[in-house]
Structure formats: C-alpha cells, structure tokens
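Visitor: This is the structure, below, for whatever I ask next.
The values are calculated or read from the model by the stated rules, or taken from the named source; none is laboratory data. Only a predicted model underlies this, so the values are computations on that prediction, with no experimental measurement involved. Note that we place each Cβ from the backbone using ideal geometry, even for glycine, and neighbour counts take in every protein chain shown. Accessible surface areas use protein heavy atoms only, side chains included; no ligands, DNA or RNA. Shrake-Rupley method; radii C 1.70, N 1.55, O 1.52, S 1.80 Å.
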Amino acid sequence: MDKNTLLGLLLMAACMFGFMYFNKPSDEELARRKAEQEQLAAGRNAAPETATVTLTDSLGGSDASALAAAVRTAGKPDSNGKLSLINEVVDLSIDSTGLKGTVKAASANVSVSDVLANRFDGLTPEQQNEAVNNVRKTIAQVQKYKSFARHLGGSNDSVVVENDLMKVTFDTRGGIVSQVELKKYKTEVGAEPANIRLFNGENDGYGFTLTTSDQRFNTREFNFKPTVENDSTVLMTLDLGTGAQWGLRYTVHHSKYLVKMDIVQKGMGSILPESTSTIDFNWHNQMARNEKGRTFEERNSAIHYKFVGEGPDELSAIGDDSEQLTGRIKWFAFKNQFFSSVLIADDYLSSANLNSTEIKDSRFLKDMTAHATAPYTIGDGTPAGFFFYFGPNDYPLLSSIDDEIGGDEGLSLTRLVPLGWGIFRWINQFIVIPVFSFLGRFISDYGIIILLLTIFIKIIIFPFTYKSFKSQARMRVLAPEIKEINDKYPGQENAMKRQQETMALYSRAGASPFSGCLPLILQMPVLVAMFSFFPSAIELRGQSFLWVHDLSAPDYILALPFSIPFYGDHVSLFCLLMTIVNIVYTRINMQNQPGGNSMPGMKWMMYLMPVMFLFIFNDYAAGLSYYYFLSLMITILQTWIFRKTIDEKKVRAEMLANAKKPRKKSG
C-alpha cells in the first residue's frame with residue numbers, strides 16, 4: 001500500500017466520524033424517544049385486557065326438550081316420583097310441575113330456567129358460555145350412556161374389609177377392588193419397609209363391559225352405590241331405572257387370601273338385548289417390584305393360565321410376550337417371584353387375550369393386561385361368579401385353596417411355585433417341602449432348618465456315599481498293579497490289550513471304576529431340585545441368618561463401583577465361601593482318584609467348574625449358596641472320617657485274596 005492510498009483512507013475515516021459526531025441526537029431528543037417506547041410497551045401489555053369473549057350459540061326449544069328427556073331417562077326417582085339428575089355440572093329434577101334445578105357456571109350456579117331462556121343477567125361472558133356448554137354436555141352424556149348416565153361423576157368413596165391376612169379396599173368408582181395390602185409381608189425395596197400391595201388403584205384396575213344394541217358400557221366409568229351387608233361382604237350396585245339393577249357382590253374369605261366376586265342383577269332384559277350370551281372382562285396390572293434382586297424377580301414374573309381339563313401354562317417371562325387363548329379357560333394369573341393375583345372362574349372363560357410387556361423402570365417389572373370373555377345371561381340372579389386370589393406363592397397354602405374351591409378336577413395353583421420339572425419337582429414336592437414345613441413348625445431360624453435339611457438328605461444317601469468311598473479306596477490300592485500293566489503294554493498300539501488287562505484286574509479284585517458314580521447320580525437330582533426350590537421358597541423371604549438379611553436374595557457384603565461381566569456389581573459372601581470350599585473338595589477328590597495327578601488337562605477342568613459356579617451363583621438366593629456350602633462341608637468331613645476308618649492295607653489284602661481265587665466258568 002503506497003503513501004497516497006493510506007492518506008486517502010485516513011481522510012475518509014475522519015469524514016465519517018465527523019458526520020456521526022455533528023448529527024448525534026440531543027438529550028431532549030433521547031428523552032422523547034424513550035417516552036414513546038414506554039407508551040408503546042404499555043399499550044401492548046394492556047391489549048389482552050380489552051379482548052372480548054365470543055359467546056356460544058344460545059339454547060333453543062329443542063335443547064329444553066332434550067334436557068327434560070335426559071332427566072327422565074337418567075334421573076334417580078324418590079318416593080314421591082320426582083326424578084333427580086346430579087353430576088359435576090348440573091343439579092336437576094323433574095316432576096309434574098316441570099324441570100327445576102341449577103346449572104354450574106364457573107363459580108356461580110344459575111337457574112336452569114334462566115339458562116334455557118338465555119337470561120344471563122349479571123353473568124360474565126365466560127360464565128354464560130360455561131352454562132350453555134354444561135347443558136349440552138349433560139344432554140350428550142345421557143344420549144350416549146342412557147340410564148347409566150345417572151352414575152357418572154360424583155365422589156369416589158371407599159369401603160375397607162379386613163381379615164388377619166390382608167386389607168382389601170373397594171372403591172365406588174367402578175365398583176372394584178382398588179387395593180390389596182398383605183399384612184404379613186413387607187417390601188424389600190424403598191426407603192422404609194411397607195406392607196406388600198398386590199393391587200393398587202393408581203396403576204391397576206379392572207372392569208366389565210356391557211353391550212347394548214348400539215353402545216358398549218365399561219363399568220369402570222360409573223359410580224356404584226355401596227352396601228355393607230356384613231363384616232366380610234360388600235355389594236356395589238348400579239340402579240338403572242325401570243326396576244333394572246346391575247352389581248358386584250364381594251365376600252372376603254375370613255382366613256385365606258381369597259375374595260369372591262359375583263355378578264348380581266335383575267331386570268337387565270330392559271337394558272340388554274335378549275341375545276346377550278357373553279360379558280367382557282378387562283384387567284390391567286403394572287407389576288411393582290418387591291424384592292432387592294431385580295434380575296431374579298423379573299425372571300420369575302409372567303402371566304400364567306390354565307384350561308379346563310389341562311395343565312397350567314405360561315407366557316414367556318423373558319422379554320415381551322402375548323397369547324390369544326380360545327377355549328374353556330379356568331384361571332389366569334399375574335405372577336411375580338413370590339406373589340400372585342389370580343382370577344378363577346366359577347365356570348370358565350371362553351377366550352382371553354393376554355399380553356405382558358417389560359417396563360424399564362426402577363419401580364415396576366411388567367405391564368400386564370388381560371381381555372377376557374365369560375359366559376353371561378340377562379336373567380335375574382347371579383349369571384357369573386369368580387374368585388380372586390391375592391397372596392403369596394406358598395405351596396401348602398395354594399394346595400389348601402385347591403382343595404377348598406378346586407372341585408373334582410382341581411386348579412393346580414401349586415404350579416405357580418416353580419419347583420422344576422419331572423423328577424426334580426417330585427423331589428421338592430414330596431420330600432423337601434414336607435420336611436421343610438415340618439421343621440418350620442418347631443424352629444423359627446431358617447438357617448438352622450437348612451442345616452438340618454442338608455443333614456437329613458446326607459443321611460438318606462449315606463450308604464451310597466460310603467460304598468462310593470470304599471470303591472475309591474479299592475481303586476487307590478490297585479494303583480501299583482495298574483502301573484505295572486501300563487508299563488507292560490505301552491503305546492497307542494497296545495491300548496486295547498492294556499484296557500483288557502486293567503478290566504480283568506478290576507474283575508479279579510472285585511473293584512469297579514463305575515461304582516463311585518452311583519452316589520453322584522443319586523445326588524444330582526437333589527442338587528438340581530434345590531436349585532429350583534430355594535429361589536422360590538417364600539418361607540425364606542425376609543428371613544435373616546448370620547450376616548444375611550434375606551435368605552431368598554443374594555447376601556450382598558460389598559457393592560462394587562463397577563459391574564463385572566457375568567458376575568455383577570456386588571460380592572455375595574456365601575457364594576464366595578461355597579466356591580472356596582468347592583475348590584478344596586475338588587483337590588481332595590482328585591487325590592482320592594488313582595492317577596488323578598497324571599491328567600493335567602482333566603485337573604484344569606475340575607478346578608474351572610467351581611470358578612464357573614462363582615459367576616453363576618453370585619446373583620442367586622443366599623439360601624441356595626448356603627445349602628451347597630453345607631453340603632460340600634459335610635462331604636469333606638465324611639471323606640476325612642472314611643479315610644481314618646477304612647484300613648487300605650486290609651482292603652488291599654482282601655482284594656489280593658480275591659484275585660487268587662479261581663474264577664467260575666460260565667456255562
């Protein structure tokens with residue numbers, strides 16, 4: 001850039017600054033502009049105050065006739081024949097003198113005659129609009145709901161019925177069970193322990209659907225009239241006029257987790273078509289968490305059901321699942337790990353659409369729905385009846401309910417307790433549960449009961465365990481002879497001859513390499529059965545032992561700041577102890593096997609198994625790990641006693657004597 005260009009730019013800048021300086025507004029001009037801006041802002045703020053309200057269309061003669069007809073259709077009669085229709089927006093009555101009452105208009109109540117005549121003296125435009133809209137809303141409701149409209153709105157009142165086991169709350173809105181509180185069981189989640197609530201009106205509910213020739217009415221929408229018939233029975237009724245009534249009678253069992261629900265009605269022929277043969281039932285349940293360990297509780301939460309004449313079945317507990325059932329369905333259940341809500345039909349349900357969806361929420365596990373259809377007639381009396389079971393998945397309790405209301409066929413409600421399948425379920429059903437229940441009558445500490453149960457099972461299989469150890473002793477004392485055979489016939493080409501000579505030695509000495517497998521085969525079903533029993537045994541729920549707060553849940557002793565894949569974010573002490581004892585037992589067992597140290601690959605596999613169990617059982621019930629820990633400790637003790645009491649020199653002498661005896665020839 002040359003000198004002339006630079007000088008030109010400086011002169012241009014000087015001219016611009018000079019122009020701006022000599023043309024700036026004066027102080028008086030700035031004050032005037034500020035006042036104008038304040039006036040404009042004040043005008044904008046005042047604009048809404050001058051807005052006008054547009055009035056709705058006024059009511060006409062047809063509206064007056066329609067409103068009178070609505071009161072005659074849905075009004076409740078008194079002893080003098082006057083009909084009254086009262087809801088949130090109107091308080092009306094009609095008799096021989098005409099229509100009277102008031103219509104709500106915001107904070108005011110306006111005479112219905114003034115509203116119908118469009119006389120709104122002293123009312124604001126908003127109040128006039130609301131009064132007209134409320135009249136039309138009432139007419140529309142009655143045209144839609146007919147005589148059911150008299151039960152719309154009103155306050156929702158509650159009736160509570162209790163027994164020693166549960167507290168049941170009934171709501172007039174819908175005439176339903178709105179809450180079931182179990183008195184003997186507490187939640188394991190939340191800031192403070194609270195009684196288990198299996199049914200909560202905030203998230204759960206059910207209702208029947210009545211179908212007329214042109215409408216479907218959900219009973220959840222209506223406000224029932226409650227009548228407490230005695231200390232255990234509540235009747236909820238809808239008076240539909242012209243002598244028609246529809247209601248639900250509930251009876252709470254005096255000593256069980258049962259609520260009987262019967263449909264009661266009369267005069268429904270004037271409301272429903274004569275061809276009516278079914279009634280729909282809809283139930284929604286958001287299953288709340290109750291246990292500390294979400295993984296296992298979620299894994300055991302599902303919808304179960306049973307057809308008449310068949311065994312129970314279930315939807316998948318993993319992920320989302322649904323099922324469309326058609327046939328004679330006896331019951332269905334919303335089940336979680338330890339508690340269930342079950343609907344049991346007196347007769348049967350003809351169809352059901354069941355749906356279960358996972359909820360990724362810290363408070364809930366699953367969203368469950370059931371849309372069912374039941375046989376139904378319009379005749380007077382009790383056209384359909386049901387039982388609700390709201391209670392624990394307790395095997396003896398469910399068995400007693402089956403005996404009481406199951407009839408000849410039975411309900412198989414005990415299948416709600418996951419005890420395994422086949423022989424494993426039989427072991428739990430006929431051995432473990434009876435012994436567990438028997439000991440529970442005399443001992444309150446379930447840690448001691450598990451110890452006694454373990455000893456009991458060990459005593460049963462003791463003869464086989466002793467025989468197994470004696471067989472192992474025979475195999476050990478034959479180790480020198482087996483080594484001689486291996487040295488005499490080395491190499492892969494002599495494998496067949498070596499095997500033949502070894503088996504001939506076993507035969508002459510009276511030993512069998514397979515005799516030690518029998519106790520293991522006998523113990524395996526018991527171990528697998530326990531794998532199913534302990535996580536589902538409600539007797540262990542909330543039972544503490546030593547450092548364990550709840551034997552049915554993992555015994556957290558340390559929360560990790562991170563999560564280990566396949567292990568979790570916590571350390572369970574009984575699981576850790578079981579793993580250590582299992583490794584010790586593995587070492588002892590390998591020492592008892594002849595040639596056990598000569599197979600390094602097998603040795604590595606044997607030690608790997610206990611480590612795998614550490615990952616598998618870390619999130620399982622502490623009672624299960626405690627049982628396996630005790631079982632292994634007793635087995636180690638038995639092994640030590642056998643080693644001390646069995647004279648291997650004497651065993652060797654007996655076997656050598658047997659080997660010298662002439663063998664009998666067959667044939």
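Visitor: Using the per-residue mean of other Cβ atoms lying within 10 Å as a proxy for protection, in what order, highest first, do the peptides 288-294, 337-343, 145-151, 155-161 fall?
Guide: 337-343, 145-151, 288-294, 155-161
Visitor: When ligands, DNA and RNA are left out and all protein chains stay put, how many square angstrom of accessible area per residue does segment 367-480 have with a 1.4 Å probe?
Guide: Using a 1.4 Å probe on heavy atoms only, each residue of segment 367-480 averages 44 Å².
Visitor: Between segment 398-467 and segment 183-261, how far is it from one alpha carbon centroid to the other, in angstrom?
Guide: Using only Cα atoms to place each centre, the spacing works out to 35 Å.
Visitor: Going by average Cβ neighbours within 10 Å, how do the peptides 614-621, 563-570, 277-284 rank, with the highest at the top? Numbers along the way, then the final one.
Guide: Working: 614-621: 20.1, 563-570: 13.0, 277-284: 17.9.
Highest to lowest by the protection proxy: 614-621, 277-284, 563-570.
Visitor: What is the mean projected area of the alpha carbon convex hull for segment 233-343, to one decimal in square nanometres?
Guide: Mean projected area of the Cα convex hull: 10.0 nm².
Visitor: Quick one: net charge of Val252's neighbours, Cβ under 14 Å, K/R +1, D/E -1?
Guide: Result for the local shell: -1.
Visitor: Please label the shape of segment 160-257 as rounded, prolate or oblate, based on the square roots a ≥ b ≥ c of the eigenvalues of the alpha-carbon gyration tensor (a/c under 1.5 means rounded; beyond that, a/b larger than b/c means prolate, else oblate).
Guide: Values: a/c = 3.41, a/b = 1.78, b/c = 1.92.
Oblate shape, in that a/c is at least 1.5 and b/c is the bigger or equal ratio.
Visitor: Cross-link candidates for Lys82: which aspartates and glutamates have Cα within less than 15 Å, leaving aside residues fewer than 8 places away along the same chain?
Guide: Result set, ordered by chain and number: Asp91, Asp95.
Visitor: Okay, moving on. Hey, what do the phi angles of segment 459-466 turn into as Karplus ³J(HN,Hα) couplings, whole Hz, using 6.51/-1.76/1.60 and θ = phi - 60°, x for Gly and Pro?
Guide: 5, 4, 9, 4, x, 6, 5, 5
Visitor: Beyond a 29 Å Cα-Cα separation, which of these cross-linked pairs lie in this structure: Lys256/Lys360; Lys488/Lys644; Lys104/Lys260; Lys144/Lys306; Lys186/Lys260; Lys76/Lys330? It would help to have the intermediate numbers written out before the result.
Guide: Working: Lys256/Lys360 34 Å; Lys488/Lys644 34 Å; Lys104/Lys260 41 Å; Lys144/Lys306 38 Å; Lys186/Lys260 25 Å; Lys76/Lys330 39 Å.
Flagged as over cut-off: Lys256/Lys360; Lys488/Lys644; Lys104/Lys260; Lys144/Lys306; Lys76/Lys330.
Visitor: How big is the shadow of the Cα convex hull of segment 376-477, averaged over all directions, in nm²?
Guide: Numbers: hull surface 44.5 nm².
Answer in nm², one decimal: 11.1.
Visitor: I'd like to compare 374-383, 548-557, 261-270: which one has the highest average count of other Cβ atoms within 10 Å, and what's the full order after that? Write out the running numbers ahead of the final one.
Guide: Numbers: 374-383: 16.2, 548-557: 22.5, 261-270: 17.9.
Those peptides, ordered most packed to least, come out 548-557, 261-270, 374-383.
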